Amino acid sequence: MDLTGWRVEDLSGRRYEFPDEFVVDASDWCVVVTGDGTDSDPVLYWGADKPVWNNDGDAALLYDDRDVLIAGTLV
């Protein structure tokens with residue numbers, strides 16, 4: 001599945017957008033690390049300059065390229 005235009009957001013609207021033409025096959029997975037680093041399939045780096053997830057509760061929300069919420073989890 002091509003994740004171009006897909007994104008992960010927290011409850012305050014901070015977002016990570018998947019790179020153009022990033023493809024995940026049905027049996028594959030990927031990890032989005034909030035810190036700095038160099039992307040290397042299947043690990044992607046958000047590059048956030050401060051913590052993303054709140055210690056008192058937050059959510060990770062996955063949106064597709066049509067802005068439809070596909071999945072979410074409390075963190």
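Throughout, read-outs are computed from the coordinates displayed, never taken from laboratory work. Since the structure is predicted, the reported quantities are computational estimates derived from the model, not experimental observations. Using ideal geometry, Cβ is built from the backbone for each residue, glycine included, and neighbour counts are taken over all protein chains shown.
Here are the numbers for the structure shown:
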{"item": "Structure-derived Kirkwood radius over Cα pairs in Å: which label, when the choices are [x] 11.8; [y] 13.3; [z] 12.9", "result": "[z]"}
{"item": "Percent antiparallel among DSSP beta bridges (both partners in the stretch 10-75, rounded to 5)", "result": "65 percent"}
{"item": "Unit charges on C-beta of K, R, D, E only; dipole of the chain, Debye", "result": "300 debye"}
{"item": "Sorted peptide list for 59-71, 8-20, criterion being average Cβ within 10 angstrom, highest first", "result": "8-20, 59-71"}
